[in-house]
């Protein structure tokens, strides 16, 4: 099952977000900070550009032989005593995890931040099956308390100000606290300690999985990933199939660019490498280890128009620099993955119909492609999606008629030249002091907030003969 | 003495219909630099709006006739980075495999955005202006990230006698135009514009310069609506001083 289609028009969702003063404040502070930190991190790192090229090349090559790398990964995880499950759909992935929970008698699951589990809407399914999911990443913890979903790939609560978090804690935890991040974090930490010790199940995503060694890699900053993978009896890691990397050497290339792109750190505070369940001589670690490999539309895109989106490391850099994301935040996009890359992933997971409006939620400024550590050409694929939307006749018919008429006009210069006199005639009632401040119908979308220039008294092509004579 | 350079001007639909003065300034300036300018007949639009909205077959048909119109040109000068990008970056792909594929590639190789033509083709960077305002430069997205050009316009401004150039915070951030994006999500487009204009106003500049008619339409539209004292102009409008101008 893919995610249900959002029916509220995107423009309405966006307007609602634009009207949210807190959202605006929170987003502006956080994205500006991320942008500066990323710039500084790469500024001090001359080999960064070359490593980005290498990272991209590794992704390209790995996808060419994805089956081989996945087989190797599976062999190695099993050799270490872990279990591997392949899930074609989100439904299958949920079923696999619920089965594990049921079989092991789990009542509570602690979770490390994972977009893959968001993608399959795991928390609702766990709760319905009588397993309490507890998010242990601070941002995820906050939005779980607020009954919301992440609005950013790496900073799920980016849309909240510290004041809002303090209010939330007061309401949900019955604790009156100051809007001080340190105090708030200490409270969350104390609440979560208990849960780590009580939980039967630890659920994580995976930033990478190394085929050669069967290692699942988690990149975190709070240490909660380490607790989730070592304290509960059972560890389940859920990852998209494209996250496999061939070797430890390849892993190092990705680690050298990931944190810099995401948070501007040289490395994240914790890089957790997990290899199967606890071994006989080890003191810590789970009795059982499960790796769920999630397809959910990915494999079909290896040879598809969205192939490059499979290179994504989920660093969130493209969100931070996106002028649209910075104005409307993640929730207005409506699906699990927000921002420029999120539009591509939404199309991959839920089909073209789900992005018929979202494909246009970009000015195509290219800042995303520039910031992407693996140089995914996001604007190009957004245009490709627009093409698919047009070809599948998903766009509203008036829009198609207008574009088709426009296309005809551009091929008939005689008709195009009539645009001058015709425009001047039609605009006459609206021009005041050399500008147009209000127009009816569709044109009002421009003029409600911006002046429109009138068609010139003489267009350039109308002036040309005289100009040419003058300068000769 | 070598023959004087000859260029064909691709006026573009926005400059043709709304900002003919930009074209006029470019022509006069090039003429004074000894460049012969022609305006091949039958020009309409480069087709970028069609391409960006996904109507690629239609965009290809437009590309085909544009390639034919400019077939004989030694060099083509375009006042907007986005249209130059369309010709240079997308025409070859749109027409690949067809009978005009080679012509499209040749046109791509001979097409210059205006500031690039002055600096990189002619090697001219020194001009005078009749403005004494503080000016700031806005990087148009297609020129900056599409054609990887940020230096030519800045070199021209830096060497422009009479003007004081100030840094524009977030100069590389989009103005929010984005073609049809500006009317599909007008509120978002305007919010992005507001951020840009706030940066312009904070920079102390009285004049914001761009090399793209799309950005200019957006920024002029917003500045006009807020009755700002700041004006938005095309680079050519600063470089072409009424009398003289070329040093």
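Here, each number is a calculation from the coordinates, and none is a lab measurement. Because the structure is a prediction, the values reported are computed rather than measured. Glycine gets a Cβ as well: all are built from the backbone with ideal geometry, and neighbour counts include every protein chain shown.
Binning all Cα-Cα separations of the stretch A:11-80 at 5 Å, short to long from zero, yields these whole-percent fractions: 3, 12, 10, 10, 10, 10, 11, 16, 11, 5, 1. The mean number of Cβ atoms from other chains found within 10 Å of a Cβ in peptide B:9-20 is 5, as a whole number. Given axes a ≥ b ≥ c from the Cα gyration tensor, I'd like to know whether the stretch B:178-247 is rounded (a/c under 1.5), prolate (a/b larger than b/c) or oblate. Prolate is the answer for the stretch B:178-247, as a/c is 1.5 or above and a/b outweighs b/c.
The simple Förster model, with R0 at 25 Å and r as the Cβ-Cβ distance, assigns residue B:32 and residue B:151 a FRET efficiency of 0.60. Any chance you could check the Cα centroid distance between the stretch A:369-447 and the stretch A:1-67 for me, in angstrom? Centre-to-centre distance over Cα atoms comes out at 28 Å.
Ranked by how many other Cβ atoms sit within 10 Å of their own Cβ, fewest first, the residues A:411, B:124 fall in the order A:411, B:124. In the stretch B:82-154, the C-alpha radius of gyration followed by the widest Cα-Cα span (Dmax) gives 15.2, 52 angstrom. Simple spin-label estimate for residue A:170 and residue B:99 gives 7.6 nm between the two label positions (7 Å along the Cα-to-Cβ direction from each Cα). Taking label positions 7 Å along the Cα-Cβ direction at both residue B:165 and residue B:71, the computed distance is 4.1 nm, reported to one decimal. With contributions of -39500 (n - 2.57) from each DSSP H run of at least four residues, the per-residue ellipticity at 222 nm computed over chain B stands at -11500 deg cm²/dmol. Once C-alpha pairs closer than 8 Å and six or more residues apart are averaged by separation and normalised to the residue number of the stretch B:6-121, the relative contact order reads 29 percent. Other protein chain C-beta atoms within 10 Å of residue C-beta, averaged over A:60-68: 0.
The relative contact order of the stretch A:325-472, computed from alpha carbon pairs under 8 Å that lie at least 6 residues apart in sequence, is 12 percent. When the alpha carbon coordinates of the stretch A:128-283 are projected onto the principal axes, the ranges are 50, 36, 29 Å, largest first.
Classify the stretch A:413-471 as rounded, prolate or oblate, taking a ≥ b ≥ c as the square roots of the eigenvalues of its Cα gyration tensor: rounded when a/c is under 1.5, otherwise prolate if a/b is larger than b/c and oblate if not. Note, shape of the stretch A:413-471 comes out prolate.
For chain A, the spread of Cα coordinates along the three principal axes comes to 92, 54, 45 Å, biggest extent given first. Which of rounded, prolate, oblate describes chain B, given a ≥ b ≥ c as roots of the alpha-carbon gyration tensor eigenvalues and a/c under 1.5 marking rounded, otherwise prolate only if a/b is larger than b/c? Oblate.
Cα-based values for the stretch B:115-223, radius of gyration first and Dmax second, are 14.1, 42 Å. Among A:219, A:210, A:177, the order by Cβ neighbours within 10 angstrom, fewest to most, reads A:177, A:210, A:219.
Taking the simple approach of a point 7 Å from Cα along Cα-to-Cβ for both residue A:25 and residue A:39, what is their distance in nm? Label-label distance for residue A:25 and residue A:39, simple model: 2.5 nm. A Förster distance of 30 Å, applied to the separation of the beta-carbon atoms of residue A:427 and residue A:470, puts the FRET efficiency at 0.60. Between residue A:32 and residue A:66, the contour length at 0.36 nm per residue exceeds the alpha carbon distance by 8.6 nm. Along each principal axis, taking the top coordinate minus the bottom one, the Cα set of the stretch A:39-167 gives 48, 46, 24 Å in descending order. What is the projected area of the convex hull of the Cα atoms of the stretch A:394-446, averaged over all directions, in nm²? Mean shadow area of the hull around the Cα atoms is 4.7 nm². What relative contact order, as a whole-number percentage, does chain A give when Cα pairs under 8 Å and 6 or more residues apart are counted? Computed value for chain A: 19 percent relative contact order.
Remark: B:211, A:312 ranked as A:312, B:211, counting other beta-carbon atoms within 10 Å and listing the fewest first. Partner shielding of B:219-228 amounts to 4, given as the average count of beta-carbon atoms from other chains within 10 Å of each residue beta-carbon. Mean residue ellipticity, 222 nm, helices only, chain A: the sum of -39500 (n - 2.57) across DSSP H runs of n ≥ 4, divided by residue count and rounded to 500, is -15000 deg cm²/dmol. Please work out the Kirkwood hydrodynamic radius for the stretch B:6-121, using every pair of different C-alpha atoms, and report it in angstroms with one decimal place. Across the stretch B:6-121, the inverse of the average 1/r is 14.1 Å.
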